[in-house]
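*Asks:* Sharing a structure here in structure tokens format.
The values are calculated or read from the model by the stated rules, or taken from the named source; none is laboratory data. The structure presented is a predicted model; accordingly, all values stated were derived computationally and were not measured. Using ideal geometry, Cβ is built from the backbone for each residue, glycine included, and neighbour counts are taken over all protein chains shown.
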Amino acid sequence: MQLIVKNDCSGVEWEAVAATLQLAGMAFHDPDKHRRAFEASYAVVFLYDSGKLIGFGRAISDGEYQAAIYDCAVTPSYQGKGLGRVIMENLHAGIAHCNIILYASPGKEGFYEKYHFRRMKTGMALFTDRDAKKEKGFTE
Ligand SMILES: CC(C)(COP(=O)(O)OP(=O)(O)OC[C@H]1O[C@@H](n2cnc3c(N)ncnc32)[C@H](O)[C@@H]1OP(=O)(O)O)[C@@H](O)C(=O)NCCC(=O)NCCS
């Protein structure tokens, strides 16, 4: 693998972002919506193998003391090779001075525990698709 790590949105094929999220079993949207979301984020990371997008993640933040991580995904055929770690360490480096929250896909909590994330006792969310999120196991 010839891994390249980029921290900007230039040259990103947003169709590939949507397709990767779909393949990874995560929520996905119109490619242009992903472009706007990543471009509006505080920190972004994109991983490439020989020019092919194979993983990414993003953090939103006020840049001072609060941040949240979203859309971390690795192309299924590249999972289990340490790329999720690259994404998390790279994102964390840009927001290490902040409290960081995220919500894991059900079953992926152990991945984030590796990076010292812990379950919140009072975390609450108002999802736009709240019935679907409940059905998928995100909320009570
Ligand atoms: C979750 C995901 C980003 C992890 O990426 P990855 O490249 O497969 O992970 P890595 O190979 O870098 O693994 C890093 C560490 O996390 C561990 N890990 C990975 N997935 C895990 C899981 N589901 N539960 C517990 N530990 C996990 C690995 O064993 C490894 O541990 P080690 O460093 O002690 O060997 C990737 O599997 C993925 O895209 N999944 C589908 C999308 C998704 O669910 N994203 C998260 C949304 S909240």
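*Asks:* Search the stretch 72-94 for residues that are not assigned by TED's automatic domain parsing to the domain that holds residue 34 and pair each with any residue that is within 6 Å of the ligand (Cβ to nearest atom) when their beta-carbon atoms are under 7 Å apart and the residues are at least 6 apart or on different chains.
*Replies:* Correct list of pairs: empty, since none qualify.
*Asks:* What is the residue count in the stretch 100-118 for residues that are part of a loop (DSSP other than H, G, I, E, B) and either more than 8 Å from the ligand (Cβ to nearest atom) or out of contact with any strand residue (DSSP E or B) (no Cβ under 7 Å at 6 or more places or on another chain) (or both)? If you could, list the steps in order and put the result at the bottom.
*Replies:* First, the residues of the stretch 100-118 that are part of a loop (DSSP other than H, G, I, E, B): 102-108, 114-118.
After this cut, where a residue has to be either more than 8 Å from the ligand (Cβ to nearest atom) or out of contact with any strand residue (DSSP E or B) (no Cβ under 7 Å at 6 or more places or on another chain) (or both) as well, the list is 103-108, 114-118.
Qualifying residue count for the region: 11.
*Asks:* When residues of the stretch 62-78 are filtered for being within 8 Å of the ligand (Cβ to nearest atom) and either over 15 Å from the mean Cα position of the chain (by Cα) or surrounded by fewer than 18 Cβ atoms within 10 Å (Cβ to Cβ) (or both), how many remain?
*Replies:* Counting residues in the stretch 62-78 that are within 8 Å of the ligand (Cβ to nearest atom) and either over 15 Å from the mean Cα position of the chain (by Cα) or surrounded by fewer than 18 Cβ atoms within 10 Å (Cβ to Cβ) (or both) gives 2.
*Asks:* Does residue 127 qualify as being closer than 23 Å to residue 18 by Cβ, free of Cβ contacts under 8 Å to residues at least 24 places away in the same chain, not assigned by TED's automatic domain parsing to the domain that holds residue 53 and not in a helix (DSSP H, G or I)?
*Replies:* Values: closer than 23 Å to residue 18 by Cβ: yes; free of Cβ contacts under 8 Å to residues at least 24 places away in the same chain: yes; not assigned by TED's automatic domain parsing to the domain that holds residue 53: yes; not in a helix (DSSP H, G or I): yes.
So residue 127 fits the description; yes.
*Asks:* Residue check: is residue 30 exposed (fewer than 14 other Cβ atoms within 10 Å of the Cβ) and farther than 18 Å from residue 104 by Cα?
*Replies:* Answer is yes for this residue.
*Asks:* Follow-up. Determine whether residue 56 is out of contact with any Ser or Thr (no Cβ under 7 Å at 6 or more places or on another chain) and in the same structural domain as residue 20 (by TED's automatic domain parsing). Can you show your working first?
*Replies:* On the way: out of contact with any Ser or Thr (no Cβ under 7 Å at 6 or more places or on another chain): yes; in the same structural domain as residue 20 (by TED's automatic domain parsing): yes.
Taking the combined requirement at face value, the residue satisfies it.
*Asks:* While we're here: Residues of the stretch 83-98 being within 15 Å of residue 4 (Cβ to Cβ) and not β-branched (Val, Ile, Thr), which ones? Can you show your working first?
*Replies:* Of the stretch 83-98, the ones within 15 Å of residue 4 (Cβ to Cβ) are 83, 86-87, 90.
Correct list: 83, 90.
*Asks:* Tell me which residues, restricted to the stretch 101-123, are within 13 Å of the chain's Cα centre (by Cα) and either loosely packed, with under 10 Cβ neighbours inside 10 Å or of a type in the set (A, V, I, L, M, F, W, C) (or both).
*Replies:* 101, 102, 104, 111
Matching residues to (1) on the phi < 0 side of the Ramachandran plot; (2) at pLDDT 95 or above; (3) more than 15 Å from the ligand (Cβ to nearest atom):
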site: 4; (1), (2), (3): yes, yes, yes
site: 12; (1), (2), (3): yes, yes, yes
site: 32; (1), (2), (3): yes, yes, yes
site: 40; (1), (2), (3): yes, yes, yes
site: 47; (1), (2), (3): yes, yes, no
site: 80; (1), (2), (3): no, yes, no
site: 85; (1), (2), (3): yes, yes, no
site: 95; (1), (2), (3): yes, yes, yes
site: 98; (1), (2), (3): yes, yes, yes
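*Asks:* When residues of the stretch 14-30 are filtered for being farther than 14 Å from residue 76 by Cα and either within 16 Å of the ligand (Cβ to nearest atom) or touching a strand residue (DSSP E or B) at 6+ places or on another chain (Cβ under 9 Å) (or both), how many remain?
*Replies:* Summing the residues that are farther than 14 Å from residue 76 by Cα and either within 16 Å of the ligand (Cβ to nearest atom) or touching a strand residue (DSSP E or B) at 6+ places or on another chain (Cβ under 9 Å) (or both) in the stretch 14-30 gives 3.
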